[in-house]
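Student: This structure is in structure tokens; I'll ask about it shortly.
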Amino acid sequence: MTSNITRGNFLKGMAVGTVAGFFASQGISSTIFRSYLVPEKKRKSIDIGELKGITIKTISETSWFDNYVQQNDFKKAGGSLVSQYDVAFSTKGVAAGYQGNNAGGYSSLIEFEFMDGSKKKLLLDTGWNVDWMTRRYQEEGIDKMLRNNEIDVLFISHDHYDHYWGIEAAFKFKPDITMMIPNSFMENSYKLLSGGNFPKPPIKNAIPFKGKLIKHDLKKIYPLYPGVAAVTFACPCGRGVWGEQVLVCNVAGKGVATITGCCHMGLITLLEYIKNNIKGGDKVYGVYGGLHISPYDDWNPQNDDLVRTIRNYKVERLACNHCTGYITVEKMIATGVPVVKGTARNKTKRDIYLGNGDTMVL
Amino acid sequence: MKILDWVSVRKLESRWGLFPSGILNVAVMLTVFMILWRVFMDPRGMMRMYTPMYGYAYVQWFLVAVLIAWLVMRLWPLQNSSLVSGLHPALKGAIWFCLCALFMLFMVNVVLKMMIGGMSIPYFSEDTLLSLKQNAFNAREYSHQAITMVGGMTALIIPIWVLHLKNWPAREIQRGSGYLTSLMLIFFLATVGFLLLYHPHLGILFYPWQVYAASMPWWEGLANTLSSNFCLGLMMSWTAALWIIQVTYEGYPFKLIDNHPLRPLAGILGTLLFGLILFSGFHFLQEMAWGAPVRGAKLVAAVDWRYLHSGETSLFMLLISLIWGFYFKNWPRQYSVEVNFLIRTVIVGVGTFLFYIFYYKFNAGILGQQPGYSNPLQFPLAATSLIVALLLAHSWFFDMWPGEKVTNLQEFVAEPEVTSPAGEPATR
Ligand SMILES: [Fe+2]
Ligand SMILES: [Fe+2]
């Protein structure tokens, strides 16, 4: 072969390659092929009913008191992928902590008011540090509500340490409460439920659970009350935890409201899911809970994408705390998101979001 | 005696036939991988360096060290036959392996962390970030992310420079001055690439945005995200394209115009085009599987993660291409070029698909990672880059021992100098 012919072949090869490449990339992704090959978002419109209103009280959103100490504990254990039961947390000598213990917890009281005027209470998560949670439950009268059977359900969003390890604080007052969990608990989390003791973190539950346990399979919608449903997501939560359940409510005449523990599936994913699956889901009235964006004041430009797009969802009232992170809240406020303010009491440090003892009415 | 192009001039032969030897060698390589992973990386193991970026940074620079040692430096300054052909392959390989590890430690700990991180750009040093009151997680992950990205950029420039610019000027100046000039040119381009493609990402990683020290990401309008995962994914796909063309397609079609003055440009643009096809093709497959991404969403729906994952899938493909090329000698070779290429394309395509399924089904159990396609701690390339580094080291330093042996050792005993016969630098 002469070099001319090879050069000719080369150019021909390049030309064929370019055309093929065009069809492989741009061609296929043009609108014609797209409409055939990319699945349309299937819009269902599940009717979960409606309710009159919701009152939410943050019992504790201070999952831990010192970010710096918390991150060091994880670093010493070997990073964020190490199982939560394999981490030695700082429980003594932390200046910002509760009696020197860095552990706090996340727990909220939700009261639903139905169309007929009747009411039901639900306890979302049980925090982490049993002493701290006991104190907060007593300060907010949760202890009496539990004893008097005023709380219908204990709803555990997921078995992360700061949302679940404090179960003893709730069982102290009512060990036979009805409990709902996502059906993806870690094996050790079940052990804790039946009276387990883990000396390393350290965490224990001296009061074995005696009530009814309802497990929710992932990727499903479970109607709980008129206008209230539990929605379960299959999502990685970190430190060995998988799957989280969320409360989705439909407030009559106002729109939908979401109540989350951590929102590990992501706020936009949650809002998109509701828009595509729940009747009336394109009108978002309220958002409450941990939103898991910058829990340790860690950042990622992906979070800026969220801050730049969240306003498109026209959330009327956004009440967040805990793992949402102060940086996120400051950035959201700066772009005009209607963030509900708190009062910075009971060891919550700042008033830019809903803190310990603060209430929101939806 | 000096051996200038050992990998090009040595002749390898399977000891027990192509497939038995290939399978044995893959098993040996993967065993070494599992041991290294358990000791250094696994979050359930001893050192627990997969945090993920902490361990990933070292893996990335180990890979760069291996690439530099052979492709750029041609084993200089140790081209003496005693260290190249004299010793038992296992011993010789182990020495080169350790030298690469030393180079890795020098680049990561001394150059990037101590010098640049300590005296110039704080985000390169965990200690500096800690002293600036970043928490332990941010300090560790951010600094090692930056270190990994410089390494990733270097690992892209090396094959461009070596395969398409003939490792200029080292190809003509086969002495220390030539090799070092090539290396410096590669480092220069990698630095410029890093500053253009990744530095803006790191500028907005801190709060408040470091707008006087880094530009706002210029790709936002193009990519619909502020994250440099857009650039990163594209660079990964380009890296994969460079190697797949070189290994699976034996350097075609660029081989046909080897002496044409526009050959370097054709090679660079042609591989970039192939990289773009991989990048957008894998992006499109994801849209078919998971629907269109949504800006601001996390996990599989995130815009930036889709770009990253296109790059990751491209590099999965590269891994299969390399395993097939290195261990199974790019079987088949007996038919016409077109038929060979077609069969290999099917093998690499199916292999990538199977590996993808396997990886995401078992990575949590085998590697100790978090399950799921997308999560903030899932970096499949930490593991696959280590496999690639071991595979390349297996060929270049260990002469594919034990599955293969060098058959022309006696040639390197007395002759003064042996150079590569063709202009093409050997990669296998
Ligand atoms: Fe949380
Ligand atoms: Fe959580």
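The values are calculated or read from the model by the stated rules, or taken from the named source; none is laboratory data. Note that this is a predicted model, so its numbers are computed, not measured. FYI the Cβ positions are ideal-geometry reconstructions off the backbone, even for glycines, and counts take in every protein chain you see. Remember, those area values only see protein heavy atoms, side chains included, never the ligands or the DNA or RNA. Shrake-Rupley method; radii C 1.70, N 1.55, O 1.52, S 1.80 Å.
Student: Hey, among the residues in region A:325-359 that are open to solvent by 30 Å² or more (accessible area, probe 1.4 Å) and assigned to a helix (DSSP H, G or I), which one's nearest to ligand 2 (Cβ to nearest atom)? So that I can check it myself, show each step before the final result.
Tutor: Looking only at region A:325-359, we keep the residues that are open to solvent by 30 Å² or more (accessible area, probe 1.4 Å), and these are A:326, A:330, A:333-336, A:338, A:341, A:343-347, A:349-351, A:359.
After this cut, where a residue has to be assigned to a helix (DSSP H, G or I) as well, the list is A:326, A:330, A:333-334.
Numbers: A:Tyr326: 17, A:Glu330: 22, A:Ile333: 23, A:Ala334: 26 Å.
Ranking the candidates gives A:Tyr326 first.
Student: What residue, among those in region A:69-113 that are open to solvent by 10 Å² or more (accessible area, probe 1.4 Å), outside any loop (DSSP other than H, G, I, E, B) and not charged (D, E, K, R), is farthest from A:Lys200 (Cα to Cα)?
Tutor: Checking each candidate, the answer is A:Leu109.
Student: Restricting attention to region B:247-278, which residues are of a type in the set (Val, Ile, Thr), more than 7 Å from chain A (Cβ to nearest Cβ) and surrounded by fewer than 24 Cβ atoms within 10 Å (Cβ to Cβ)?
Tutor: Here is the first cut: in region B:247-278, the ones of a type in the set (Val, Ile, Thr) are B:247-248, B:257, B:268, B:271, B:277.
Restricting the remaining residues to those that are more than 7 Å from chain A (Cβ to nearest Cβ) gives B:247-248, B:268, B:271.
Within region B:247-278, B:Val247, B:Thr248, B:Ile268 meet the criteria.
Student: If a residue must be part of a strand (DSSP E or B), open to solvent by 10 Å² or more (accessible area, probe 1.4 Å) and within 16 Å of ligand 2 (Cβ to nearest atom), how many such residues does region A:310-324 contain? Working first, answer last.
Tutor: From region A:310-324, those part of a strand (DSSP E or B) are A:317-321; that's our starting set.
In the following step, the residues that additionally are open to solvent by 10 Å² or more (accessible area, probe 1.4 Å) were identified as A:317.
Imposing the further condition that a residue be within 16 Å of ligand 2 (Cβ to nearest atom) reduces the set to none.
So the answer is 0.
Student: For the condition within 16 Å of ligand 2 (Cβ to nearest atom), within 28 Å of A:Gly357 (Cα to Cα) and open to solvent by 10 Å² or more (accessible area, probe 1.4 Å), what is the one hit in A:Ile207, A:Ile203? Steps first, please.
Tutor: Details: A:Ile207 fails: within 16 Å of ligand 2 (Cβ to nearest atom).
One residue alone meets the criteria, A:Ile203.
Student: For region B:370-403, how many residues are within 14 Å of chain A (Cβ to nearest Cβ) and of a type in the set (S, T, N, Q)?
Tutor: First, pick out the residues of region B:370-403 that are within 14 Å of chain A (Cβ to nearest Cβ): B:370-380, B:382-383.
The next check asks that each one be of a type in the set (S, T, N, Q); those that pass are B:370, B:374-375, B:378.
Number satisfying all stated conditions: 4.
Student: For region A:276-294: of the residues being within 14 Å of chain B (Cβ to nearest Cβ) and touching a residue at least 60 places away in the same chain (Cβ under 8 Å), which is nearest to ligand 1 (Cβ to nearest atom)?
Tutor: A:Gly290
Student: Mind checking which residues of region A:256-275 are more than 10 Å from every other protein chain (Cβ to nearest Cβ) and within 15 Å of ligand 1 (Cβ to nearest atom)? Quick ask: steps written out before the conclusion?
Tutor: The initial filter retains those residues of region A:256-275 that are more than 10 Å from every other protein chain (Cβ to nearest Cβ), namely A:256-262, A:274-275.
Across region A:256-275, the qualifying residues are A:Thr258, A:Ile259, A:Thr260, A:Gly261, A:Cys262.
Student: So which residues in region A:307-329 are within 12 Å of another protein chain (Cβ to nearest Cβ) and within 16 Å of ligand 1 (Cβ to nearest atom), if there are any at all?
Tutor: Going residue by residue through region A:307-329, those that are within 12 Å of another protein chain (Cβ to nearest Cβ) are A:307-313, A:325-329.
Across region A:307-329, the qualifying residues are A:Gly325, A:Tyr326, A:Ile327, A:Thr328, A:Val329.
Student: Does region A:119-128 include one or more residues that are more than 24 Å from A:Leu362 (Cα to Cα) and either free of Cβ contacts under 8 Å to residues at least 12 places away in the same chain or within 16 Å of ligand 2 (Cβ to nearest atom) (or both)?
Tutor: First, the residues of region A:119-128 that are more than 24 Å from A:Leu362 (Cα to Cα): A:128.
If we keep only those that are either free of Cβ contacts under 8 Å to residues at least 12 places away in the same chain or within 16 Å of ligand 2 (Cβ to nearest atom) (or both) too, we end up with A:128.
Yes, region A:119-128 contains at least one residue that is more than 24 Å from A:Leu362 (Cα to Cα) and either free of Cβ contacts under 8 Å to residues at least 12 places away in the same chain or within 16 Å of ligand 2 (Cβ to nearest atom) (or both).
Student: Restricting to region B:31-55, name every residue that is within 14 Å of chain A (Cβ to nearest Cβ), touching a residue at least 24 places away in the same chain (Cβ under 8 Å), open to solvent by 20 Å² or more (accessible area, probe 1.4 Å) and in a helix (DSSP H, G or I).
Tutor: Residue satisfying the conditions is B:Tyr54 alone.
Student: Return the pairs, sorted by first residue and then second, in which the second residue is within 16 Å of ligand 1 (Cβ to nearest atom) and not in a strand (DSSP E or B), the first residue lies in region A:244-261 and is farther than 10 Å from A:Tyr288 by Cα and open to solvent by less than 10 Å² (accessible area, probe 1.4 Å), the beta carbons are less than 6 Å apart, and the residues are 6+ apart or on different chains.
Tutor: That search, which allows pairs on different chains as well, returns A:Glu244/A:Ser157; A:Glu244/A:His158; A:Glu244/A:His264; A:Gln245/A:Ser157.
Student: When you look at B:Ile244, is it open to solvent by less than 10 Å² (accessible area, probe 1.4 Å), touching a residue at least 40 places away in the same chain (Cβ under 8 Å) and of a type outside the set (Ser, Thr, Tyr), yes or no?
Tutor: On the way: open to solvent by less than 10 Å² (accessible area, probe 1.4 Å): yes; touching a residue at least 40 places away in the same chain (Cβ under 8 Å): yes; of a type outside the set (Ser, Thr, Tyr): yes.
It is true that B:Ile244 is open to solvent by less than 10 Å² (accessible area, probe 1.4 Å), touching a residue at least 40 places away in the same chain (Cβ under 8 Å) and of a type outside the set (Ser, Thr, Tyr).
Student: Hey, any hits in region A:268-275 for a residue that's buried (at least 21 other Cβ atoms within 10 Å of the Cβ) and within 12 Å of ligand 2 (Cβ to nearest atom)?
Tutor: No, region A:268-275 has no match at all.
Student: Another question, if that's okay. Of everything in region A:152-167, what is within 12 Å of ligand 1 (Cβ to nearest atom) and among the aromatic types (Phe, Trp, Tyr)? Give them in sequence order. Can you show your working first?
Tutor: Pass one, region A:152-167, residues within 12 Å of ligand 1 (Cβ to nearest atom): A:157-164.
Hits for region A:152-167 are A:Tyr161, A:Tyr164.
Student: Quick check, is B:Ala155 part of a helix (DSSP H, G or I), within 21 Å of B:Phe398 (Cβ to Cβ), open to solvent by less than 40 Å² (accessible area, probe 1.4 Å) and touching a Pro at 6+ places or on another chain (Cβ under 9 Å)?
Tutor: Working: part of a helix (DSSP H, G or I): yes; within 21 Å of B:Phe398 (Cβ to Cβ): yes; open to solvent by less than 40 Å² (accessible area, probe 1.4 Å): yes; touching a Pro at 6+ places or on another chain (Cβ under 9 Å): no.
Spelling it out, it is not the case that B:Ala155 is part of a helix (DSSP H, G or I), within 21 Å of B:Phe398 (Cβ to Cβ), open to solvent by less than 40 Å² (accessible area, probe 1.4 Å) and touching a Pro at 6+ places or on another chain (Cβ under 9 Å).
Student: How about region A:131-200: which helices (runs of 4 or more DSSP H) wholly inside it have at least 1 residues that are within 16 Å of ligand 2 (Cβ to nearest atom) and polar (S, T, N, Q)? Spell out the reasoning first.
Tutor: Values: elements: A:142-147, A:161-164, A:167-171, A:187-193.
Counting at least 1 such residues, we get A:187-193.
Student: Go through region B:179-214 and give me each residue that's more than 18 Å from B:Met107 (Cβ to Cβ) and of a type in the set (A, V, I, L, M).
Tutor: Scanning region B:179-214 gives B:Leu196, B:Leu197, B:Leu202, B:Ile204, B:Leu205, B:Val211, B:Ala213, B:Ala214.
Student: Which one of B:Ser321, B:Ser310 is within 13 Å of another protein chain (Cβ to nearest Cβ), among the small types (Gly, Ala, Ser) and in a helix (DSSP H, G or I)?
Tutor: Numbers: B:Ser321 fails: within 13 Å of another protein chain (Cβ to nearest Cβ).
From the options B:Ser321, B:Ser310, the qualifying one is B:Ser310.
Student: Could you count how many residues in region B:360-369 are of a type in the set (Gly, Ala, Ser) and either facing chain A (nearest Cβ under 7 Å) or in a loop (DSSP other than H, G, I, E, B) (or both)?
Tutor: So the first thing to find is which residues in region B:360-369 are of a type in the set (Gly, Ala, Ser), and the list is B:364-365, B:368.
Those still in the list that are either facing chain A (nearest Cβ under 7 Å) or in a loop (DSSP other than H, G, I, E, B) (or both) too: B:368.
So the count comes out to 1.
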